[in-house]
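We did not get these values from a lab; they are worked out from the coordinates using the rules stated. Computed from a predicted structure; not experimentally measured. For neighbour counting, all protein chains shown are included, and Cβ atoms are generated from backbone atoms with ideal geometry for every residue, glycine included.
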Amino acid sequence: LLGQHGSGKGTLGQQFERTEGYTFISAGDLLRRDAVRRGEEDIASRLAVGQDASEDLTYSLLRESMAQAGPRSVVLDGFPRYARQIELLRRSIDGDPDLAVVLEAPTELLIHRIQTRLVCSGCRAVYGQAVPPAIPGLCDVCGSELIRRPEDTNIGSMIDRQTVWAREGSAILDALADLTRVIRVDASKSPGEVRQAVRAAIANP
Ligand SMILES: [Zn+2]
C-alpha cells in the first residue's frame, strides 16, 4: 500500500486483515514495537515522528513477520519509503509484490484526516470520522484507550513526510511498475468504497 500520510493505508490494511483473511504488516508499527521491546523508548519516539530506521533492522523485522504470516497473503504498509529500497522489499518478500495499490486524495483532505484521527493505544487500530469507534474514546477491538499518534500532532513531521512522498513517490511507482501491476484508487471515498475498489482489482487482474 502506497500513498501519503493520512491516505488510509492503515485503515485499508486492517480491513483486509479483519475481513479478507490477509496478514497486515505495518513496517512503522513493527519498528516501534521492536524499539519498545528492547527498551529503546527514545528510538521508538523518533520513529513515531516519522524518522527513518536502519534498513538492516527493517529487513530483519519484515522477514520475521513474513515467516509468521506463513502461506497467508500479506498487505504491507510503510515500506518502501524510498525508491532505493525496492531491492530490499524484493528480498524481504522473496520476489515481486502481486499488486501495488496507490491511495490518492487531495492534500487538504489528508491533513484534515490526520488532525481528526485516533489510534488504539493497545492494538494500533485506526479510527476517524469515517470509522468512528462504537464507544467514544475506546477501541472496538480490544477496549483500550484511543490516543492521537505523536506524528499526527507534529506539523513539522507531517510536512516532512509529505515532502518525502512528493519527492520519492513517483520514483517508487515507476520502479514498481516494472515489477508488478500498479493501481490508483481514489482515497477520498469512504473506507468501504476504497476496499471494494481494491477487492475488484485483485479479483480482475
Ligand atoms: Zn485496540
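Yes or no, residue by residue, for (1) in a loop (DSSP other than H, G, I, E, B); (2) surrounded by 17 or more Cβ atoms within 10 Å (Cβ to Cβ); (3) not hydroxyl-bearing (Ser, Thr, Tyr):
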site	(1), (2), (3)
Asp42	no, no, yes
Ser92	no, yes, no
Asp96	yes, no, yes
Ala100	no, yes, yes
Glu108	no, no, yes
Pro136	yes, no, yes
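Residue selection: Ile93 fails the criterion of being hydrophobic (A, V, I, L, M, F, W, C), in contact (Cβ under 8 Å) with a residue 24 or more places away in the chain and touching a Pro at 6+ places or on another chain (Cβ under 7 Å).
When the range 51-90 is limited to residues that are in contact with a Phe, Trp or Tyr (Cβ under 9 Å, 6 or more places away or on another chain) and hydroxyl-bearing (Ser, Thr, Tyr), the one that is surrounded by the fewest Cβ atoms within 10 Å (Cβ to Cβ) turns out to be Ser73.
If you take the residues in the range 138-169 that are acidic (Asp, Glu) and surrounded by 13 or more Cβ atoms within 10 Å (Cβ to Cβ), which one is farthest from the ligand (Cβ to nearest atom)? Spell out the reasoning first.
Restricting attention to the range 138-169, the residues satisfying the condition of being acidic (Asp, Glu) are 140, 145, 151-152, 160, 168.
Narrowing further to those that are surrounded by 13 or more Cβ atoms within 10 Å (Cβ to Cβ): 140, 151-152, 160, 168.
Details: Asp140: 7, Glu151: 18, Asp152: 17, Asp160: 27, Glu168: 31 Å.
Applying the filter and picking the extreme gives Glu168.
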